[in-house]
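Below is one structure, written out as structure tokens; the observations come after it.
Every read-out reported here was derived from the displayed coordinates using simple, explicitly stated rules and does not represent laboratory data. It should be emphasised that the depicted structure is a prediction, and the values quoted were computed from it without experimental measurement. Counting neighbours? That spans all protein chains shown, and the Cβs are built from the backbone with ideal geometry, glycine included.
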Amino acid sequence: MRNNSNFLDTKAFRLILIVVIAYFVFSWLDPIKWFKDLRKNLQEGKVGKEGNQITTPQGEKVDIDAIAVAMRNAMNPSGQGWMIGFDGTKEEALYLLAEKSRGNFDKIAKAYKNRNDSDLMSDLQGELEEDELLIFQQKAGLL
Ligand SMILES: [Ca+2]
């Protein structure tokens, strides 16, 4: 009968090896995060090549997220969330984005919410004067 003189041949060693390799594969691939991201993307309808694109009334193909980001940048040019109320607002940029978002405002508001954890219309109300908000809403087809 063989004795356990060679540790590399033992069951215990092979088990340790499998555990160590599995640990590195798991931490490198991070399948839990991957699965969560996939589920989130499926829920948001992001999976699929053109899933996140809209055609604007001007006939331009644009990414919904890109419009949401551009709206945020126009309201919060500093890029610092806590500065949004006092870092100025690019009204003209918002009007252009409003025209692009016509017919798809809800989708953009959803993307905006996902990115900023903030309500797009509430932020617009906070950033625009009353008459500016009316112009925005008219251009976005919300009135
Ligand atoms: Ca601002």
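Per-structure values
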| item | result |
| --- | --- |
| Burial ordering of 65, 30, fewest other beta-carbon atoms within 10 Å first | 30, 65 |
| Fewest-first sequence of 95, 23, 112 by Cβ atoms within 10 Å of each Cβ | 23, 95, 112 |
| Size-normalised alpha-carbon gyration radius of the chain, reference 2.2 N^0.38 Å | 1.74 |
| Simple label model, 7 Å out from Cα along Cβ direction - residue 26 to residue 96, nm | 5.0 nm |
